[in-house]
Amino acid sequence: MKKLLIKIGIVCVAFVVLDLVVGSFLLNLLEKSPDGRYYKTRYSLEEAQEDIVILGSSRAEGNYSPAVMEESLGMEVWNAGRGGQGLPFWAAMNSGILARYTPDVVIINVENDFLKESVDDQSFERAAGILRPFYNRHNAVKNFVDMVSDKEKLLLKSNLYAFNSSFYYMLRPYLFEGIDGRVEDKGWKPLKGSLAGKDIPERVINEHDQEALDPEAIMMFENLVSELQNKGSKVVLTLSPDYNKKVVTTPTLEYLKSVEGVYVLDFSNDEYFTKNPEFYTDPIHLNKEGAMEYSRKLAQELKPILNGSKTKKNLAVWNEIR
């Protein structure tokens with residue numbers, strides 16, 4: 001029995017040492033990452049001071065060029081969008097950013113059905129997977145990750161657990177420069193390719209079932225918007241165009257019209273984009289050329305909001321661009 005206890009003790013000590021060594025190595029990689037998703041997350045939470053911040057999923061990350069917007073607006077822009085992430089990640093990043101400074105404007109790229117999607121365990125886990133390495137550095141991240149499960153506080157005493165979902169993506173920037181976006185692009189991840197010559201049938205979206213909206217998604221979204229408004233940031237909701245797609249209405253769009261004190265720039269039916277296959281890498285993502293053109297047009301629509309000539313009303317200021 002004594003020998004068994006000694007062996008167990010040795011294994012435990014070895015595990016603790018391994019955990020500390022690996023954790024120290026990975027934290028060093030995180031701090032010095034030349035680019036990539038963890039550089040971007042760390043910069044967003046710890047260094048960003050830009051006037052305008054962009055939140056959203058892959059369409060935010062790929063459709064908005066900070067350089068193009070900066071040239072037109074004369075303001076600094078940071079793209080904090082992250083592919084594959086939804087409301088939980090946006091909310092956590094927003095809280096983390098606001099804990100440090102208040103952007104003048106936060107642009108949130110939303111989808112015409114994003115409040116229909118359930119805020120489930122999977123969406124929380126996806127967000128936690130990228131945020132766990134920052135657990136002990138930011139209260140906003142800690143508060144969010146603790147919501148994933150009641151075991152997170154205990155499990156995150158282990159560095160191996162904190163970085164469990166991160167090994168490959170932590171190393172990738174050191175092996176493949178710029179694969180997740182270049183530092184000089186300020187969070188933008190431009191996409192290549194074109195739909196020119198491809199037959200993509202037209203899609204028409206016309207939905208009316210208000211009961212399809214997810215109450216938890218609505219609550220999380222309202223909290224996100226309120227947090228920004230309470231800090232004094234202007235909130236601009238944008239809907240990017242999809243190729244050969246016409247949006248008549250959806251429950252999400254009808255709901256957004258009732259949100260107080262936000263601006264909505266809806267490019268869903270802007271045929272300059274929706275009918276131009278050369279602007280797209282796939283039906284829902286603009287390519288580099290499309291994103292730059294979209295960013296130029298978006299900047300023009302933002303100017304009246306920024307200079308105060310387009311004032312807020314009680315309900316959303318809705319501008320459908322055609």
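Just so it is clear, none of the values below were taken in a lab; they were calculated from the coordinates. What you see is a predicted model, and the numbers here were worked out from it, not measured in a lab. We place every Cβ from the backbone using ideal geometry, glycine too, and count neighbours over all the protein chains shown.
Miscellaneous remarks
- Mean Cβ neighbour count within 10 Å, used as a protection proxy, ranking 173-185, 49-61 highest first: 49-61, 173-185
- The rule of thumb for compact globular proteins, 2.2 N^0.38 Å, goes into the C-alpha radius of gyration of region 92-150 1.25 times.
- Label-point separation in nm, K231 to D209, each point 7 Å along Cα→Cβ: 3.6
- Value of D in µm² per second that Stokes-Einstein yields for the chain, Kirkwood Rh from Cα pairs, at 20 °C (1.002 mPa s): 102
- Compared with the dominant principal axis of the Cα atoms in the chain, helix 215-231 is inclined by about 80°.
- Cross-link reach list, lysines versus K151, counting only Cα pairs under 28 Å and skipping chain neighbours closer than eight places: K7, K40, K142
- Farthest towards the positive end of the charge dipole of the chain, among the residues T41, Q85, Y294, is the Cα of T41, using unit charges on the Cβ of Lys, Arg, Asp and Glu.
- Between D120 and S24, residue separation times 0.36 nm minus the direct Cα-Cα distance comes to 31.3 nm.
- Span from the region 187-225 Cα centroid across to the region 117-134 one, whole angstrom: 19
- Full-extension gain in nm, N319 to R137, via 0.36 nm per residue minus C-alpha separation: 61.6 nm
- For the chain, averaging the sequence separation of C-alpha pairs within contact (under 8 Å, six or more residues apart) and dividing by the residue count gives a relative contact order of 23 percent.
- Here the peptides 208-214, 293-299 are ranked by packing, the mean other Cβ count within 10 Å, and the order with the highest first is 293-299, 208-214.
- Ranked by how many other beta carbons lie within 10 Å on average, peptides 69-76, 237-244 from highest: 237-244, 69-76
- Percent of alpha-carbon pairs separated by more than 24 Å within region 170-296: 48
- For region 50-88, backbone nitrogen atoms closer than 17 Å to the point 7 Å from Y101 Cα along Cα-to-C-beta are found at 50-55, 66-67, 70, 74-81.
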